[in-house]
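J.: First the structure, then my questions, so here it is.
The values are calculated or read from the model by the stated rules, or taken from the named source; none is laboratory data. Just so we're clear, the structure is a prediction, and the values are computed from it rather than from any experiment. Cβ sites come from the backbone with ideal geometry, for glycine too, and all protein chains shown count toward neighbours.
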Amino acid sequence: MSEFPEHDPKDHCLDESLKEPTDSLIVHATARGIAPFILLIGLYVFFHGHYSPGGGFQGGVLLAVGFLLLRLSLGVRLSQIVMPHRLTLRASAIGALLFVAVGLSAVIMGGNFLDYHLLPIPGLAPEYLRYFGILLVEVGVTVTVTFTLVAIYDELLGC
Amino acid sequence: MKALRYIVLVAFFGVLMTAVVKLPPRGDVSSPVHRRTNAAGTPVAGTYYIQNAYKDAKTPNMVTVILGDYRSLDTLGETIVVLIGGIACFYILNVRRRKP
């Protein structure tokens with residue numbers, strides 16, 4: 001560990017060993033066992049934002065942590081199955097677009113921007129339209145936060 | 001120079017402790033944050049939120065209603081800030097790394 005490789009200014013990647021799978025069987029098994037539960041807790045925090053502390057940002061960060069644990073332990077190449085690299089930044093843009101689309105659909109129905117009780121969902125009272133409008137918006141926030149954090153990690157590694 | 005640093009630290013600690021000690025006690029209905037009208041005599045938005053948050057959106061968590069419904073434009077701005085942070089990292093970290 002004492003000698004680091006010579007830093008080449010042309011080489012803008014970080015240490016290549018960060019991309020490799022871990023050698024330790026314990027770390028490997030633990031990360032693979034724990035990551036689904038972290039993702040589950042992330043979904044729980046997100047969906048309970050209506051009833052308890054939580055919501056889009058916190059749930060999104062927990063989901064991102066679940067994916068980053070797989071990135072750290074399994075290596076970049078193996079964890080492409082659960083979170084492909086080419087998906088990340090595009091999906092985070094889609095999350096922000098979902099937020100804007102909810103707002104603009106209220107505008108198209110003749111209300112103000114983000115005026116949820118005019119959303120074009122049939123058969124719901126205005127209060128419940130606002131309920132589901134908040135939920136849709138939180139989905140957009142969660143998608144953006146999750147995929148942006150994974151994308152920043154991927155760009156730091158340079159994969 | 002090091003003594004000055006410690007003096008500034010101690011003075012800042014004193015300011016913070018003074019602020020903490022002078023806070024109104026919890027549940028004090030006459031404290032400024034719990035009044036229905038502010039110092040200028042106009043009604044405070046928080047009163048409306050507390051009275052109408054559940055009626056408007058059928059959501060028990062008042063904070064979610066404020067962040068997602070009443071102040072949703074602010075939340076949209078926060079989301080776009082996160083997205084712009086990701087895009088900026090993408091371009092800054094890929095300056096010389098881009099493969100042809």
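J.: Which number in (1) more than 13 Å from chain B (Cβ to nearest Cβ); (2) in contact (Cβ under 8 Å) with a residue 24 or more places away in the chain; (3) small (G, A, S) marks the one condition that A:S92 misses?
T.: Condition not satisfied by A:S92: (1).
J.: Is it the case that the stretch A:95-109 has a residue that's more than 22 Å from B:V65 (Cβ to Cβ) and not in a helix (DSSP H, G or I)?
T.: Within the stretch A:95-109 (the criterion being more than 22 Å from B:V65 (Cβ to Cβ) and not in a helix (DSSP H, G or I)), the answer is no, since none of the residues qualifies.
J.: Which one is surrounded by the most Cβ atoms within 10 Å (Cβ to Cβ) among residues in the stretch A:46-86 that are among the aliphatic types (A, V, I, L, M) and within 12 Å of another protein chain (Cβ to nearest Cβ)?
T.: A:A64
J.: Considering only the stretch A:120-127, I want to know if a residue exists there that is within 18 Å of B:E78 (Cα to Cα) and either among the aliphatic types (A, V, I, L, M) or surrounded by fewer than 23 Cβ atoms within 10 Å (Cβ to Cβ) (or both).
T.: No, the stretch A:120-127 contains no residue that is within 18 Å of B:E78 (Cα to Cα) and either among the aliphatic types (A, V, I, L, M) or surrounded by fewer than 23 Cβ atoms within 10 Å (Cβ to Cβ) (or both).
J.: Anything in the stretch A:117-150 that is over 14 Å from the mean Cα position of the chain (by Cα), more than 15 Å from A:V100 (Cβ to Cβ) and more than 8 Å from every other protein chain (Cβ to nearest Cβ)? List them, or say none.
T.: A:H117, A:L118, A:P120, A:I121, A:P122, A:G123, A:L124, A:A125, A:P126, A:L129, A:F132, A:L135
J.: Return the pair list, or none, for Cβ contacts closer than 7 Å from residues in the stretch A:43-58 that are on the phi < 0 side of the Ramachandran plot to residues that are of a type in the set (D, E, K, R), at least 6 apart or on different chains.
T.: Final answer for the pair search is A:F46/A:E138; A:G49/A:E138; A:G56/A:E138.
J.: I'm checking my understanding of the structure. Among residues of the stretch B:49-64 that are within 16 Å of A:G55 (Cβ to Cβ) and at the interface with chain A (Cβ under 7 Å from one of its Cβ atoms), which one is nearest to the chain's Cα centre (by Cα)?
T.: B:T64
J.: Can we say B:R71 is within 8 Å of chain A (Cβ to nearest Cβ) and at pLDDT below 95?
T.: no
J.: Could you check the stretch A:14-43 and list, in sequence order, the residues that are of a type outside the set (A, V, I, L, M) and not in a helix (DSSP H, G or I)?
T.: Of everything in the stretch A:14-43, those that are of a type outside the set (A, V, I, L, M) and not in a helix (DSSP H, G or I) turn out to be A:D15, A:E20, A:P21, A:T22, A:D23, A:S24.
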